[in-house]
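Scroll down for the structure; my scribbles are underneath it.
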Amino acid sequence: MVLGIVDIGIGNLGSLKAALKKLNIQFKTCGTSSDFEGVDKIILPGVGNFKKFMSTLKSNKIDKIILEKVKKNIPLLGICLGFQILFESSDEDGKTLGLNILRGNFGHFNEISKQIKVPHTGWNECSIKKKNNLFYNILDNSDFYFSHKYYLKDFDEKIVVTKTNYHIDFVSSIKTNNIYGVQFHPEKSQLNGLNLLKNFIYGS
């Protein structure tokens, strides 16, 4: 099994690489189209600005590679911003189109109330709404580490795996076919996060 980690030079992948090494999982970083040759599973991490991230993906033509891999049913795990860009769009810095693999859009927490402190940062519980191999051996309402300002709206309820409460119950993970996504950072979530990464790599 060849695991590919998307690396377009935005954000620090150190924590994710350290987590995978702790699990003794070999991986290759993928920053160009040719890097994806032979990859069996993909992790799409993301940190920072939605518009900049999408622009960089497109300039490197990695958006097309990801879409091609999804069509071939290659398992894909989106993390944080990498989760958000799987959907139609985000309101960050004006409406920006995502990869449009899944239905849904991201709005700012302050749309709900100006009193909400953003970003939503720190540990919070994930309430399991649907049994899924991604959360195998992970207890309901386990804590994971979050850091984000935007939440998913206008989504298909059937793909929801967990929700988390931060003033509202927002979607914290999804699964449909071989596409997985988590709003939190499993690589920063200690044992629960390591278990989730292991579940994606060995169980999906």
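The values are calculated or read from the model by the stated rules, or taken from the named source; none is laboratory data. Given the structure is predicted, the values throughout are model-derived calculations rather than measurements. Every residue, glycine as well, gets a Cβ built from its backbone with ideal geometry; the counts of neighbours run over all protein chains shown. The accessibility values were calculated without ligands, DNA or RNA, using every heavy atom of the protein model including side chains. Shrake-Rupley method; radii C 1.70, N 1.55, O 1.52, S 1.80 Å.
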### Query
Under the Karplus relation 6.51 cos²θ - 1.76 cosθ + 1.60, θ = phi - 60°, what is the ordered set of whole-Hz ³J(HN,Hα) values for the stretch 52-59, x standing for Gly and Pro?
5, 5, 5, 4, 5, 4, 5, 5
#### Entry: Spin-label model distance (nm) - ASN110 vs LYS58, 7 Å beyond Cα toward Cβ
2.6
### Query
Got the relative contact order for the stretch 128-174 handy, in percent, Cα pairs under 8 Å and 6 or more residues apart?
39
### Query
By how many nm would the segment from LYS153 to ASN12 lengthen if fully extended, with 0.36 nm per residue of separation less the alpha-carbon distance?
48.0 nm
### Query
Based on the alpha-carbon gyration tensor of the stretch 146-204 and its eigenvalue square roots a ≥ b ≥ c, which shape applies: rounded if a/c is under 1.5, prolate if not and a/b is larger than b/c, or oblate?
oblate
### Task
Quick one: check the C-alpha center-to-center distance for the stretch 165-204 versus the stretch 49-117, whole angstrom.
16
### Query
Any idea what the relative contact order of the stretch 46-164 is, in percent, if you count C-alpha pairs under 8 Å spaced at least 6 apart?
22
### Summary
For LEU23 the rounded accessible area (nearest 10 Å², probe 1.4 Å, non-protein molecules ignored) is 40
### Task
Add +1 for every Lys or Arg and -1 for every Asp or Glu among the other residues with Cβ under 9 Å from the Cβ of MET1, and state the total.
0
### Task
State in Å² the accessible area per residue of the chain; use a 1.4 Å probe, count heavy atoms of protein chains only, and round to the nearest integer.
47
### Task
Just the number, please: percent antiparallel of the DSSP beta bridges in the chain, rounded to the nearest 5.
60
### Taking the C-alpha atoms of the chain, convex hull volume expressed per residue in Å³
105
### Query
For the chain, what is the relative contact order in percent, using Cα pairs closer than 8 Å and at least 6 residues apart in sequence?
19
### Message
Can you compute the helix-only [θ] at 222 nm over the chain? Use -39500 (n - 2.57) per DSSP H run of at least 4 residues, normalise by all residues, nearest 500 deg cm²/dmol.
### Response
-6500 deg cm²/dmol
#### Entry: Protein accessible area in the chain, 1.4 Å probe - carbon and sulfur %
46
### Query
Can you work out ³J(HN,Hα) from phi for every residue in the stretch 70-82, in order, using Karplus 6.51 cos²θ - 1.76 cosθ + 1.60 and θ = phi - 60°, giving whole Hz and x for Gly and Pro?
5, 4, 8, 6, 6, x, 10, 10, x, 10, 6, 4, x
### Task
Under 1.5 on a/c is rounded, so check that first for the stretch 1-104, then, if it is not, pick prolate when a/b is larger than b/c and oblate when it is not; a ≥ b ≥ c are the square roots of the alpha carbon gyration tensor eigenvalues.
prolate
### Task
Can you check what the net charge comes to around ASN49, using other residues whose Cβ is under 9 Å from the Cβ of ASN49 (Lys, Arg +1; Asp, Glu -1)?
0
### Query
Which of rounded, prolate, oblate describes the stretch 99-163, given a ≥ b ≥ c as roots of the alpha-carbon gyration tensor eigenvalues and a/c under 1.5 marking rounded, otherwise prolate only if a/b is larger than b/c?
oblate
